[in-house]
Amino acid sequence: MSWIEAIFNILVNPLFYQMALLSATPLIFASIGGTFSEKTGVTNIALEGIMLMGAFISIVFTYLTGNPWIGILMAVVVGVGFTWFHAWASIRWCADQIVSGTALNIIALGLTAFLMKPIFGNEGRTDFIGRVQNVKLEFLKDVPFIGDIFYDLSPFVYLALISVLFSWILFYRTPLGLRMAAVGENPEAADTLGINVFGTRYFGVLTGSIFASLGGAFLSVGELGSFGENMIHGRGFIALAAMILGNWNPVGALLASLLFGAAEAMNLQLQSSSIISVPNTVKPLFNMLPFIITLIVVGGFVGKSRSPAADGAPYEKKA
């Protein structure tokens with residue numbers, strides 16, 4: 001069978017679309033988190049580190065309590081506290097937002113690796129700890145194709161889709177969303193109108209950290225039930241690309257995340273296919289597929305996307 005036939009068989013298999021949706025779920029959460037932050041003018045490249053902390057903390061508290069939902073709650077709490085340092089440095093002290101975000105990524109990587117041994121007794125990867133149970137939508141069970149995709153999925157998937165709707169309504173249909181847009185476009189004018197620029201930016205960054213933490217928690221207690229060092233594997237940066245490709249719009253971020261999720265699903269399907277033989281020398285190229293698509297997409301569309309005008313620019317309140 002040719003490669004074209006093999007790819008066609010993958011594309012008509014509902015399993016491919018289910019895998020694409022699962023692969024896209026952490027990207028959806030993180031890209032929405034980045035959108036919340038950058039809508040208010042604060043660049044947040046710390047999504048990778050926030051996701052890693054979310055994945056680690058959720059599995060730690062699942063291990064300690066036996067309840068993955070407590071793990072998820074604590075992942076959000078710790079994620080907000082962890083991100084507060086980035087918000088504080090960027091907003092209160094007008095620090096370089098790229099440097100601040102990079103620092104959080106490095107701290108998360110080192111801290112999670114360091115704590116593996118004292119908490120779990122081993123390094124690299126934990127044993128299976130526990131995960132949330134999938135949700136089964138009985139009304140879809142007998143629906144051809146669609147039911148095969150959506151009948152039995154992690155609740156994180158449905159929460160991610162709801163988050164897109166929630167974020168879109170907040171950004172474009174509420175006064176708070178208009179204030180966030182005003183602060184992200186022209187903080188001086190927003191301040192003149194009586195909008196609390198600092199408070200709005202804190203809200204954007206810290207609320208965004210909730211979504212990013214959920215994206216990390218999905219990978220540990222939502223999908224695998226375990227934690228491995230650096231298990232985010234660049235998804236935070238892919239989420240940033242999805243945010244840019246989606247033009248800082250939750251619906252656009254969703255579609256871009258699904259594109260990257262489809263690339264990852266295609267990679268997994270091709271490598272596990274028994275129909276075609278993939279040489280070991282070629283497999284690393286398949287693993288790079290999501291990142292290659294990220295580079296192509298960002299390189300081709302970044303000039304066509306328009307970020308908030310004050311994104312990345314510190315604001316100093318005039319006396």
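One residue alone among GLY130, GLY101, GLY71, GLY81 is in a helix (DSSP H, G or I) and closer than 21 Å to TYR158 by Cβ, and that residue is GLY71. If you go through segment 1-46 and keep only what is in a loop (DSSP other than H, G, I, E, B) and small (Gly, Ala, Ser), you end up with SER2, GLY41, ALA46.
In segment 51-80, the residues that are at negative phi and of a type in the set (S, T, N, Q) reach residues that are part of a helix (DSSP H, G or I) and surrounded by fewer than 20 Cβ atoms within 10 Å (Cβ to Cβ) with C-beta atoms within less than 8 angstrom, at least six apart or across chains, in these pairs: THR62/ILE70. Please enumerate the residues belonging to segment 46-72 that are among the aliphatic types (A, V, I, L, M) and more than 15 Å from GLY215 (Cβ to Cβ). Across segment 46-72, the qualifying residues are VAL60, LEU64, ILE70.
Every residue in segment 43-93 that is more than 22 Å from PRO187 (Cβ to Cβ) and β-branched (Val, Ile, Thr), please. If the condition is that a residue be more than 22 Å from PRO187 (Cβ to Cβ) and β-branched (Val, Ile, Thr), then ILE50, ILE57, ILE59, VAL60, THR62, THR65, ILE70, ILE72, VAL76, VAL77, VAL78, VAL80 are the ones that fit. Whenever a residue of segment 106-118 is basic (Lys, Arg), its partners that are surrounded by 11 or more Cβ atoms within 10 Å (Cβ to Cβ), lying with C-beta atoms within less than 8 angstrom and at least six residues away or across chains, give the pairs LYS117/GLU123. Quick one: which residue in THR102, THR65, THR35 is of a type in the set (Val, Ile, Thr), buried (at least 24 other Cβ atoms within 10 Å of the Cβ) and either modelled with pLDDT of 95 or more or touching a Ser or Thr at 6+ places or on another chain (Cβ under 6 Å) (or both)? Answer to the check: THR35. Could we say that ILE10 is modelled with pLDDT of 95 or more and either under 16 Å from the mean Cα position of the chain (by Cα) or under 27 Å from GLY252 (Cβ atoms) (or both) here? Judged against the criteria, ILE10 is not a match.
I'd like to know if segment 5-23 contains one or more residues that are of a type in the set (Asp, Glu), in contact with a helix residue (DSSP H, G or I) (Cβ under 6 Å, 6 or more places away or on another chain) and under 24 Å from GLU264 (Cβ atoms). Taking every residue of segment 5-23 in turn, none turns out to be of a type in the set (Asp, Glu), in contact with a helix residue (DSSP H, G or I) (Cβ under 6 Å, 6 or more places away or on another chain) and under 24 Å from GLU264 (Cβ atoms). The single condition among (1) within 24 Å of MET243 (Cβ to Cβ); (2) part of a loop (DSSP other than H, G, I, E, B) that HIS86 does not meet is (2). Considering only residues in segment 125-160 that are surrounded by fewer than 16 Cβ atoms within 10 Å (Cβ to Cβ) and among the charged types (D, E, K, R), the one that is nearest to LEU22 (Cα to Cα) turns out to be ASP152. The set of residues in segment 133-160 that are within 23 Å of SER213 (Cα to Cα) and either in contact with a Ser or Thr (Cβ under 8 Å, 6 or more places away or on another chain) or in a helix (DSSP H, G or I) (or both) comprises ASN134, VAL135, SER154, PRO155, PHE156, VAL157, TYR158, LEU159, ALA160.
The values are calculated or read from the model by the stated rules, or taken from the named source; none is laboratory data. Bear in mind that the values here come from a model prediction, so they are computed numbers and not experimental data. Reconstructed Cβ throughout: ideal geometry from the backbone, glycine too, with neighbour counts over all protein chains shown.
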